[in-house]
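Novice: Okay, handing you the structure first.
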Amino acid sequence: MPIGSQPSDVPSFGCVVYLRNSDGKVHGRVANLDGIEVVGADDRSVLGKIVQQFKRTVSERLAQDEPAGLLDPPAEKRSDERKLFLPVHL
């Protein structure tokens, strides 16, 4: 398999993330999956933690033959937040 390619059977999911800056820190939350909120020094560290938790949560649910649990529509964005969309491959 060429470097950087993914097998076609690897599931991918859209992760909607809301970020905001407060008190010198970055706060992030997943808008389309309950229970994932992270605080970190910068966007990169917050997003890294969010992706880890998102992958773990969705993988565990799928392994138990449960639905991924993604919310549609996602939670509403607050006025002080910015929205990012991350495609996540399990």
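Novice: Could you list, in sequence order, the residues of the stretch 34-53 that are open to solvent by 100 Å² or more (accessible area, probe 1.4 Å) and out of contact with any Lys or Arg (no Cβ under 9 Å at 6 or more places or on another chain)?
Specialist: Result: Asp34, Arg44, Gln52.
Novice: Of all residues in the stretch 36-66, how many are assigned to a loop (DSSP other than H, G, I, E, B) and either in contact with a His (Cβ under 9 Å, 6 or more places away or on another chain) or closer than 24 Å to Val10 by Cα (or both)?
Specialist: So the count comes out to 4.
Novice: From (1) on the phi > 0 side of the Ramachandran plot; (2) open to solvent by 40 Å² or more (accessible area, probe 1.4 Å), pick out the condition that doesn't hold for Arg56.
Specialist: Of (1) on the phi > 0 side of the Ramachandran plot; (2) open to solvent by 40 Å² or more (accessible area, probe 1.4 Å), only one is false for Arg56: (1).
Novice: Could you tell me which residue of the stretch 5-20 is nearest to Arg78 (Cα to Cα), considering only residues that are open to solvent by 50 Å² or more (accessible area, probe 1.4 Å) and either in contact (Cβ under 8 Å) with a residue 40 or more places away in the chain or of a type in the set (A, V, I, L, M, F, W, C) (or both)? First the steps, then the outcome.
Specialist: First, pick out the residues of the stretch 5-20 that are open to solvent by 50 Å² or more (accessible area, probe 1.4 Å): 6-9, 11-12, 20.
Now restrict to residues that are either in contact (Cβ under 8 Å) with a residue 40 or more places away in the chain or of a type in the set (A, V, I, L, M, F, W, C) (or both): 6, 11-12, 20.
On the way: Gln6: 35, Pro11: 30, Ser12: 26, Arg20: 9 Å.
By that ranking, first place goes to Arg20.
Novice: Considering the stretch 67-87 alone, what residues qualify as being in a loop (DSSP other than H, G, I, E, B) and open to solvent by 80 Å² or more (accessible area, probe 1.4 Å)?
Specialist: Looking only at the stretch 67-87, we keep the residues that are in a loop (DSSP other than H, G, I, E, B), and these are 67-81.
Answer for the stretch 67-87, where residues must be in a loop (DSSP other than H, G, I, E, B) and open to solvent by 80 Å² or more (accessible area, probe 1.4 Å): Pro67, Asp72, Pro73, Glu76, Lys77, Arg78, Ser79, Asp80.
Novice: Given the criteria at pLDDT 95 or above and either within 17 Å of Val10 (Cα to Cα) or not hydroxyl-bearing (Ser, Thr, Tyr) (or both), does Leu84 qualify? Write out each step before concluding.
Specialist: On the way: at pLDDT 95 or above: yes; either within 17 Å of Val10 (Cα to Cα) or not hydroxyl-bearing (Ser, Thr, Tyr) (or both): yes.
The answer is yes for Leu84.
The values are calculated or read from the model by the stated rules, or taken from the named source; none is laboratory data. Predicted model, so just to flag it, every value in this text is computed and none were measured. Note that each Cβ is placed from the backbone with ideal geometry, even for glycine, and that neighbours are counted across all protein chains shown. Areas reflect the complete protein model, heavy atoms only, side chains present, ligands, DNA and RNA absent. Shrake-Rupley method; radii C 1.70, N 1.55, O 1.52, S 1.80 Å.
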